[in-house]
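The values are calculated or read from the model by the stated rules, or taken from the named source; none is laboratory data. Just so it is clear, the structure is predicted and the values come from calculations on it, not from any experiment. Because the Cβ atoms are built from the backbone with ideal geometry, glycine has one as well, and the counts that use them run over all protein chains shown. The protein model used for the area step is the full one, side chains on, heavy atoms only, and it has no ligands, DNA or RNA in it. Shrake-Rupley method; radii C 1.70, N 1.55, O 1.52, S 1.80 Å.
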Amino acid sequence: TPPITTYGSAPFVTSYQATCAMGYAPVWRFYYWESITPNGTSIVFTAQTSIDGATWGAAAPIGTALPPPNVTPTWTSGPQTVDQALVASGQVSRPYLLVTATLVPDSTHTAAPVLTNWQLTYDCIASE
């Protein structure tokens, strides 16, 4: 009998750097994803921001992928922008951003989600 493949929870981290002209600051917009989430699985997304890329703020929740549907038919996002999620956690958008997608298997550890595509945008707004 072949061994049964089992899955554990696993983080997938993507880093971003915004570049704005002097006198302007980045505002992170929606984080969009496409995913495959078998029943009982999920992908939990968080964001952390930094002014220097070395010291990071607390992780702010920005969305969760879970069924239904098992396969996202279009780009999907959380209910608020990354900036709104950061502000809700007492932070502001900074030039550096880390997005962590934590892939969570089902309770039997025999099915795992797949993050198939992702994108993030930002705007540069006049600094105060």
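Residue 32 meets each of the listed conditions (1) within 12 Å of the chain's Cα centre (by Cα); (2) assigned to a loop (DSSP other than H, G, I, E, B); (3) of a type outside the set (D, E, K, R) apart from (2). No other residue among 63, 78, 53 is in contact (Cβ under 8 Å) with a residue 40 or more places away in the chain, within 11 Å of the chain's Cα centre (by Cα) and open to solvent by less than 80 Å² (accessible area, probe 1.4 Å) apart from 78. In the range 39-50, how many are in contact with a Pro (Cβ under 7 Å, 6 or more places away or on another chain) and surrounded by 17 or more Cβ atoms within 10 Å (Cβ to Cβ)? Number satisfying all stated conditions: 4.
For the range 19-27, indicate whether the set of residues that are touching a residue at least 12 places away in the same chain (Cβ under 8 Å), within 15 Å of the chain's Cα centre (by Cα) and at negative phi is non-empty. No - not one qualifying residue is present in the range 19-27. Of all residues in the range 95-111, those that are of a type in the set (Gly, Ala, Ser) have Cβ atoms under 6 Å from Cβ atoms of residues that are exposed (fewer than 15 other Cβ atoms within 10 Å of the Cβ) and assigned to a strand (DSSP E or B), 6 or more apart or on another chain, in 101/12. Per the listing 58, 101, the residue uniquely in contact with a strand residue (DSSP E or B) (Cβ under 6 Å, 6 or more places away or on another chain) and either of a type in the set (Asp, Glu) or more than 22 Å from residue 127 (Cα to Cα) (or both) is 101.
Do the conditions hold for residue 18, that is, is it of a type in the set (Gly, Ala, Ser) and surrounded by fewer than 17 Cβ atoms within 10 Å (Cβ to Cβ)?
Judged against the criteria, residue 18 is not a match.
Being assigned to a strand (DSSP E or B) and open to solvent by 60 Å² or more (accessible area, probe 1.4 Å): is that true of residue 121 here? Yes, satisfied. Scanning the range 81-117 for residues that are surrounded by 19 or more Cβ atoms within 10 Å (Cβ to Cβ), under 18 Å from residue 43 (Cβ atoms) and not small (Gly, Ala, Ser) turns up 82, 97, 99, 103, 104, 105, 113.
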